[in-house]
Amino acid sequence: MKLYSYFRSSAAYRVRIALALKGLDYEYASIQIAKGKQFEPEYAAVNPQHLVPVLEDERKLLYQSLAIIQYLDETYPEPRILPIDRFERNRVRSLALIIACEIHPLNNLRVLKYLTDVLKVSDEQKNAWYHHWVTTGFTALEHRLATEPQTGRFCHGDKPGFADISLVPQVANARRFKVDLTPFPTIVRIDAACNELEAFKKAAPQVQPDAE
């Protein structure tokens with residue numbers, strides 16, 4: 001397998017965690033999106049959206065981080081990332097989608113660059129935008145994790161899975177942008193539990209080949 005990745009991309013980070021949890025080896029192909037390398041013709045031929053990650057497996061190109069993770073779970077079913085029970089699957093998917101649909105798309109690199117480069121907002125305004133959407137999403141996520149009985153050591157029970165794979169990169173980004181995480185003790189606790197595990201350590205941005 002070959003993973004087109006960038007060390008700071010939270011979407012690529014998700015896939016790295018899933019690959020590590022599955023114990024799958026892969027070639028790391030760095031796409032320096034902060035330097036615009038995603039727009040070069042060679043990578044545009046791989047992904048016309050100019051985004052990472054893309055996973056190549058059996059000469060097929062796979063797109064969108066959560067779809068890739070579900071593919072990995074279907075193709076390499078042990079250890080499981082998604083529960084077997086359909087109601088439990090819905091729960092972990094819904095938790096992951098709070099992050100992947102309601103927080104991350106509003107705060108990824110291309111959105112932040114549009115705010116500063118096109119709309120000419122100040123850095124202070126950009127950071128306020130970032131903090132607002134993280135806080136809004138985390139408030140809902142914290143409530144669910146703190147009150148739903150299915151929450152255990154991790155987002156769902158006592159084994160890491162689909163929701164945790166989405167949570168950890170978003171917490172890392174929130175810390176990088178200095179979001180106050182004090183109101184979210186359950187999120188912080190689960191993030192800490194995940195980062196004790198070797199798979200999460202192996203996938204962390206700071207240990208990737210292209211880390212700066």
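Across segment 194-208, what is the total count of residues that are surrounded by 18 or more Cβ atoms within 10 Å (Cβ to Cβ) and assigned to a helix (DSSP H, G or I)?
Residues in segment 194-208 being surrounded by 18 or more Cβ atoms within 10 Å (Cβ to Cβ) and assigned to a helix (DSSP H, G or I): 5 in total.
Quick check on this structure: which one of L145, L109 is more than 16 Å from L19 (Cβ to Cβ), assigned by TED's automatic domain parsing to the domain that holds N173, at pLDDT below 95 and in contact with a helix residue (DSSP H, G or I) (Cβ under 7 Å, 6 or more places away or on another chain)?
Checking each option against the conditions leaves just L109.
Can you find even one residue in segment 118-126 that is surrounded by 15 or more Cβ atoms within 10 Å (Cβ to Cβ) and more than 24 Å from P149 (Cβ to Cβ)?
Looking through segment 118-126, at least one residue is surrounded by 15 or more Cβ atoms within 10 Å (Cβ to Cβ) and more than 24 Å from P149 (Cβ to Cβ).
Within segment 130-142, is even one residue modelled with pLDDT of 95 or more and farther than 17 Å from C101 by Cα?
If we filter segment 130-142 for residues that are modelled with pLDDT of 95 or more, which is where we start, we get 130-142.
Retained after the next criterion (residues that are farther than 17 Å from C101 by Cα): none.
The answer is no; no qualifying residue exists.
What about E88, is it touching a strand residue (DSSP E or B) at 6+ places or on another chain (Cβ under 9 Å), in a helix (DSSP H, G or I) and modelled with pLDDT of 95 or more?
In short, yes.
So for segment 142-165 (the condition being touching a Lys or Arg at 6+ places or on another chain (Cβ under 6 Å) and either surrounded by 24 or more Cβ atoms within 10 Å (Cβ to Cβ) or under 14 Å from V188 (Cβ atoms) (or both)), does at least one residue qualify?
Scanning segment 142-165, I find at least one residue that is touching a Lys or Arg at 6+ places or on another chain (Cβ under 6 Å) and either surrounded by 24 or more Cβ atoms within 10 Å (Cβ to Cβ) or under 14 Å from V188 (Cβ atoms) (or both), so the answer is yes.
Find the residue count for segment 37-63, including only residues that are part of a loop (DSSP other than H, G, I, E, B), closer than 22 Å to P169 by Cβ and either basic (K, R) or without any contact (Cβ under 8 Å) to a residue 24 or more places away in the chain (or both).
2
Could you run through segment 186-202 and say how many residues are farther than 23 Å from L112 by Cβ and touching a residue at least 40 places away in the same chain (Cβ under 8 Å)?
Total meeting the criteria: 8.
Tell me the residue from A34, A29, A12 that is closer than 17 Å to S166 by Cβ and either outside the structural domain of E142 (by TED's automatic domain parsing) or assigned to a helix (DSSP H, G or I) (or both), please.
Unique residue meeting the criteria: A12.
Being surrounded by 15 or more Cβ atoms within 10 Å (Cβ to Cβ) and either in contact (Cβ under 8 Å) with a residue 60 or more places away in the chain or among the small types (G, A, S) (or both) is the requirement here; does L21 meet it?
yes
Within segment 163-193, count every residue that is among the hydroxyl-bearing types (S, T, Y), under 19 Å from H104 (Cα atoms) and not in a helix (DSSP H, G or I).
Qualifying residue count for the region: 0.
Every residue in segment 90-109 that is in contact (Cβ under 8 Å) with a residue 60 or more places away in the chain and among the charged types (D, E, K, R), please.
Result: R91, R93.
Search segment 69-110 for residues being β-branched (V, I, T) and under 12 Å from the mean Cα position of the chain (by Cα), and hand back the single one that is nearest to A12 (Cα to Cα).
Among those residues, the one meeting the criterion is I69.
The values are calculated or read from the model by the stated rules, or taken from the named source; none is laboratory data. In this text the structure is predicted, and so the values were computed from the model without any measurement. All Cβ positions, even for glycine, are placed from backbone atoms using ideal geometry, and neighbour counts span all protein chains on display.
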